[in-house]
1. Taking the stated definitions as given, is Arg223 under 19 Å from Gly152 (Cβ atoms) and basic (Lys, Arg)?
2. Is it the case that Leu224 is modelled with pLDDT of 95 or more and surrounded by 18 or more Cβ atoms within 10 Å (Cβ to Cβ)?
3. Take the residues in the stretch 148-174 that are under 16 Å from Leu253 (Cβ atoms) and among the small types (Gly, Ala, Ser), then tell me which one is nearest to the chain's Cα centre (by Cα).
4. Counting only residues that are at negative phi and among the small types (Gly, Ala, Ser), which one in the stretch 81-119 is surrounded by the fewest Cβ atoms within 10 Å (Cβ to Cβ)?
5. Is it the case that some residue within the stretch 258-275 is aliphatic (A, V, I, L, M), part of a loop (DSSP other than H, G, I, E, B), in contact (Cβ under 8 Å) with a residue 24 or more places away in the chain and buried (at least 22 other Cβ atoms within 10 Å of the Cβ)?
6. Considering only the stretch 279-333, state which residues are under 24 Å from Ala71 (Cβ atoms), among the hydrophobic types (A, V, I, L, M, F, W, C), in a loop (DSSP other than H, G, I, E, B) and in contact (Cβ under 8 Å) with a residue 60 or more places away in the chain.
7. If you go through the stretch 97-124 one residue at a time, how many are under 24 Å from Tyr298 (Cβ atoms), in contact with a Leu (Cβ under 9 Å, 6 or more places away or on another chain) and hydrophobic (A, V, I, L, M, F, W, C)?
8. Looking at Thr315, Thr348 in this structure, which one is surrounded by fewer than 22 Cβ atoms within 10 Å (Cβ to Cβ) and either more than 29 Å from Gly100 (Cα to Cα) or not acidic (Asp, Glu) (or both)?
Amino acid sequence: MRASNPAYFLGRPAAAAILALGLAVSSQASFGADTTAAATAPTPTTGFTLSTFAGPLAGSSQPDSIAVVGATVWVGYGNTGNPDGTGGAKSQIVEYSNTGTVLRVLTVAGHNDGLRYDGVNKKLWALQNEDANANLVLIDPTTAATELFTFGKPLHGGGYDDIVFKDGYTYLSASNPTLDKNGNNIGPAIVRAVLRQNHTVDVYPVMSGTPEAVNFTFGTPTRLNLTDPDSMILTPWGDLLLDDQGDGQLVLLRASNSNEPPIQVIPLQGGMQIDDTAFVTANRGYLLIADRNSNTIYKLSSNVWQVGTAFSASTGVAASGSTPAVPAYVGQIDLHSGVVLPAVTNLTSPHGLAFVAQ
């Protein structure tokens, strides 16, 4: 266990909860095809309370990415649109007050699956079409003015899914890559984006789809094949954390001044698949959860949060010969072992997460 990073520590009685659920963690379900619908209402584990931040929104469906901008919360609704933007897909980017009241609703062309606030330039980035034909809309959160940017031919053949801002640079996860005849991702998994005055986006490779890495838990070297780059977030210690969703693993692209290997992989126990990960940034606050297929945004609260801990949205666990299925849930993730310990269970399809400090 690495004491330099507080997020490696597991707290609360979550370990008891995972045992009670029979979580042998042998997930066989694919993300996007939800496990069996929850038979009961979402249930927080001991130490947490759950409430509804915002219920179904008329005219919008499938809430996903969440971005916190000052005292307001922005949520992207995908509206069952095609992830390549075809068929006239349109999404709503909705601004809520910190009590869940709708303040503004903006419509963008395409299927939104990435929403992140650039605190330096004071713009909200909305990224559409994670499978192909990606576009980017910049939103001024004060005036609601928008700017549309387009991408050239992608280096990896797919779209873009998530955004991270670090040290004046912007990074995108290169999702839905075109694989070669051997099933290898020969394109980049992470790119750097540069906006041009003609409203286009240039991208430059940062991490390949087949990088050399070191297993975080055991320290053994390995060659990765990242076939499903998805969500991405900046860790509290300044690294990029990429979710290689379909392959059931997380990848750490270390900061240049880190003493760790430049790329490390964290296999998730049993090949479990997750979506967004969020880090706790304050002792007081709450975690917002976009439960996509219930069209509900939940608010997970705790009396005291442990700063630096990470929470991830999990598909749940498919039934096996000896254990019943566990519905989708959100849990605290141990970045050393790759175990996700439930904090709230019986969700339908959790995707977007964001921690709101108070």
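The values are calculated or read from the model by the stated rules, or taken from the named source; none is laboratory data. Since the model is a prediction, treat every value here as computed from it, not as a measurement. Please note: Cβ atoms are built from the backbone with ideal geometry, for glycine as well, and neighbour counts cover all protein chains shown.
1. Considered against the rule, which asks whether it is under 19 Å from Gly152 (Cβ atoms) and basic (Lys, Arg), Arg223 comes out as no.
2. Criteria met by Leu224.
3. Ser173
4. Among them, the one singled out is Gly119.
5. There is at least one residue in the stretch 258-275 that is aliphatic (A, V, I, L, M), part of a loop (DSSP other than H, G, I, E, B), in contact (Cβ under 8 Å) with a residue 24 or more places away in the chain and buried (at least 22 other Cβ atoms within 10 Å of the Cβ).
6. Answer for the stretch 279-333, where residues must be under 24 Å from Ala71 (Cβ atoms), among the hydrophobic types (A, V, I, L, M, F, W, C), in a loop (DSSP other than H, G, I, E, B) and in contact (Cβ under 8 Å) with a residue 60 or more places away in the chain: Val280, Ala282, Val307.
7. Filtering the stretch 97-124 for residues under 24 Å from Tyr298 (Cβ atoms) gives 97-106, 111-117, 124.
This time we only want the ones that are in contact with a Leu (Cβ under 9 Å, 6 or more places away or on another chain), so: 97, 102, 105, 112-117, 124.
Checking the rest, the ones that are also hydrophobic (A, V, I, L, M, F, W, C) come to 102, 105, 115, 124.
Here the count works out to 4.
8. Every option except Thr348 fails the conditions.
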